[in-house]
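**Q** Please find one structure pasted underneath; my questions will follow.
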Amino acid sequence: GVCTVKLDVRGMHCSACSSAVEAALQAVPGVQSAAVSLAVQQAEVRYNAGTVAGAGGSGLSIEQQLVAAVEDCGFEASVIG
Ligand code: 9UX
């Protein structure tokens, strides 16, 4: 089924930053949508739990993959909740 996770994202200063974060999150396998708010410095990601990369892939949980995707484009992220 579809699950939602929210991330705190730190370091975004303009809409190009938030667009880059959105693109990075959407590129993670299994992600259906990613909405990033520059104003509140958060991302809401919807993903299909049945199609995320599991064992045999990176070994990272979907949450860890999302955080890594944000960090790879130069921002800091942590899962909310
Ligand atoms: Mo504009 Mo966002 O230079 O880093 S892309 S502030």
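**Q** Which one of these is touching a Lys or Arg at 6+ places or on another chain (Cβ under 7 Å), within 16 Å of the ligand (Cβ to nearest atom) and either of a type outside the set (G, A, S) or in contact (Cβ under 8 Å) with a residue 12 or more places away in the chain (or both): E71, E76? So that I can check it myself, show each step before the final result.
**A** Numbers: E71 fails: touching a Lys or Arg at 6+ places or on another chain (Cβ under 7 Å).
The match here is E76.
**Q** Across the range 10-35, which residue is farthest from F75 (Cα to Cα) among those that are more than 12 Å from the ligand (Cβ to nearest atom) and among the aliphatic types (A, V, I, L, M)?
**A** Here the residue is V31.
**Q** Which of the residues spanning the range 1-33 are of a type in the set (S, T, N, Q) and without any contact (Cβ under 8 Å) to a residue 24 or more places away in the chain?
**A** We begin by selecting, within the range 1-33, every residue of a type in the set (S, T, N, Q); these are 4, 15, 18-19, 26, 32-33.
Correct list: S15, S18, S19, Q26, S33.
**Q** Here's another thing I want to ask about it. Taking the criterion of being acidic (D, E), at pLDDT 95 or above and within 16 Å of the ligand (Cβ to nearest atom), would at least one residue in the range 58-67 satisfy it?
**A** Checked against the condition, which is being acidic (D, E), at pLDDT 95 or above and within 16 Å of the ligand (Cβ to nearest atom), the range 58-67 yields no hits at all.
To keep it simple, each residue is scored yes or no on (1) out of contact with any Ser or Thr (no Cβ under 9 Å at 6 or more places or on another chain); (2) acidic (D, E); (3) buried (at least 20 other Cβ atoms within 10 Å of the Cβ).
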residue	(1), (2), (3)
V5	yes, no, no
D8	no, yes, no
H13	yes, no, no
A16	yes, no, no
E63	yes, yes, no
D72	yes, yes, no
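The values are calculated or read from the model by the stated rules, or taken from the named source; none is laboratory data. Just so we're clear, the structure is a prediction, and the values are computed from it rather than from any experiment. When we count neighbours, we look across all protein chains shown, and the Cβ atoms used for this are built from the backbone with ideal geometry, even at glycine.
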